[in-house]
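The next block holds one structure in the form of structure tokens; read it before the comments.
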Amino acid sequence: MLNKPTIPLAIGAILLWASLATLGALTRSLPPFLVVGASLCVGSLLSIHRARDWKVPPLTLLVGIYGLFGYHFLLFFAFRLAPALEANLLNYLWPLLIVMLSPLLRPGTRLMRRHIIGGILGFIGAGLIVTGGKLALSQQYLPGYLLAISAAVVWSTFSLLLGRLPAFSGSAMGGFCLASGLLSLLCHALFEPAAQPTAMQWATLVLLGLGPMGGAFFLWERALRFGDPRQIGSLSYATPLLSTLLLTASGQGALNPLAAAAILLILGGALLGTLPDRRTPQIQPQ
């Protein structure tokens, strides 16, 4: 039901995702699929004590793998085929798509003008944060751009489909993480050179699995299954902002002059998108 405290859960996931860039910088020398695979496998341990709940209908499992593995698979190949700035910007279409696709995939929701405006403002703000105001799309990178957009579509539709699945325990996210992690490790074996993480990198992989590449997914699943996707989608644009602020605080990044404008756009968009409706529709998992 919509009256459950889902916004704090979404905020928790966003805060954990904000640490992804900072922690990921410590594993930059490792192959991406190895990082994702190991982190997701660690994340699965968060609900290993309830492994019996991992048994879900095949369609539910496929949706989980579609979201966790499909998103990262497309995104990493997008980064191989297009510049990181442009690919990352297109990837951040996913919060806007969550808002815009809500009426199609979540019965009982309807878009209001403020949801649309809030989503667009958030995307513009995220664009300024991610690109620093410098954007140069080139036709030669079109395959990479399409993969980045596809990744955004996968994550947004996965997030919305969580509310359409038959009821299942939130602990089943551990099974989704394990299956997706093993597939990612298979991709590492097929597409990437072998690597041996250092002790510090192993510790970072554990932190990734407990936080942005594991724990965050458990919070996100609860938030999107029972929350208002229009509000959560608008709020999600805080992710690149918080990530940049954390990188700056840790000495791994710096704010540019456009950051103030980006902050205002993101906060303004989040405020517009998360204002409660006068008559809030009741959204229940199908």
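The values are calculated or read from the model by the stated rules, or taken from the named source; none is laboratory data. Just so you know, these numbers come straight off a predicted model, no measurement behind them. Neighbour counts run over all protein chains shown; Cβ positions are idealised from the backbone, glycine included. Accessible surface areas use protein heavy atoms only, side chains included; no ligands, DNA or RNA. Shrake-Rupley method; radii C 1.70, N 1.55, O 1.52, S 1.80 Å.
Might you let me know whether region 260-268 holds any residue that is within 21 Å of the chain's Cα centre (by Cα), open to solvent by 20 Å² or more (accessible area, probe 1.4 Å) and modelled with pLDDT under 70?
No; the residues of region 260-268 include none that is within 21 Å of the chain's Cα centre (by Cα), open to solvent by 20 Å² or more (accessible area, probe 1.4 Å) and modelled with pLDDT under 70.
Between Leu104, Leu128, which is aliphatic (A, V, I, L, M), at pLDDT below 80 and either surrounded by fewer than 19 Cβ atoms within 10 Å (Cβ to Cβ) or not in a loop (DSSP other than H, G, I, E, B) (or both)?
On inspection, the qualifying residue turns out to be Leu128.
Taking region 159-176, which residues are within 16 Å of Pro57 (Cα to Cα) and assigned to a helix (DSSP H, G or I)?
If we filter region 159-176 for residues that are within 16 Å of Pro57 (Cα to Cα), which is where we start, we get 161-176.
Answer for region 159-176, where residues must be within 16 Å of Pro57 (Cα to Cα) and assigned to a helix (DSSP H, G or I): Leu161, Gly170, Ser171, Ala172, Met173, Gly174, Gly175, Phe176.
Within region 219-235, which residues are farther than 14 Å from Ile116 by Cα, open to solvent by less than 30 Å² (accessible area, probe 1.4 Å) and not aromatic (Phe, Trp, Tyr)?
Passing the criteria: Glu221, Ala223, Leu224, Arg225, Gly227, Asp228.
For region 169-182, indicate whether the set of residues that are closer than 24 Å to Gly37 by Cβ, of a type outside the set (Lys, Arg), over 17 Å from the mean Cα position of the chain (by Cα) and open to solvent by 40 Å² or more (accessible area, probe 1.4 Å) is non-empty.
Within region 169-182, one or more residues are closer than 24 Å to Gly37 by Cβ, of a type outside the set (Lys, Arg), over 17 Å from the mean Cα position of the chain (by Cα) and open to solvent by 40 Å² or more (accessible area, probe 1.4 Å).
May I ask you to list the residues in region 184-218 that are assigned to a helix (DSSP H, G or I) and open to solvent by 60 Å² or more (accessible area, probe 1.4 Å)?
Answer for region 184-218, where residues must be assigned to a helix (DSSP H, G or I) and open to solvent by 60 Å² or more (accessible area, probe 1.4 Å): Leu186, Ala189, Leu190, Phe191, Ala199, Met200, Trp202, Val206, Leu207, Leu210.
Checking Ser47 against (1) open to solvent by 50 Å² or more (accessible area, probe 1.4 Å); (2) closer than 26 Å to Leu207 by Cβ, only one condition comes out false. Which one?
(1)
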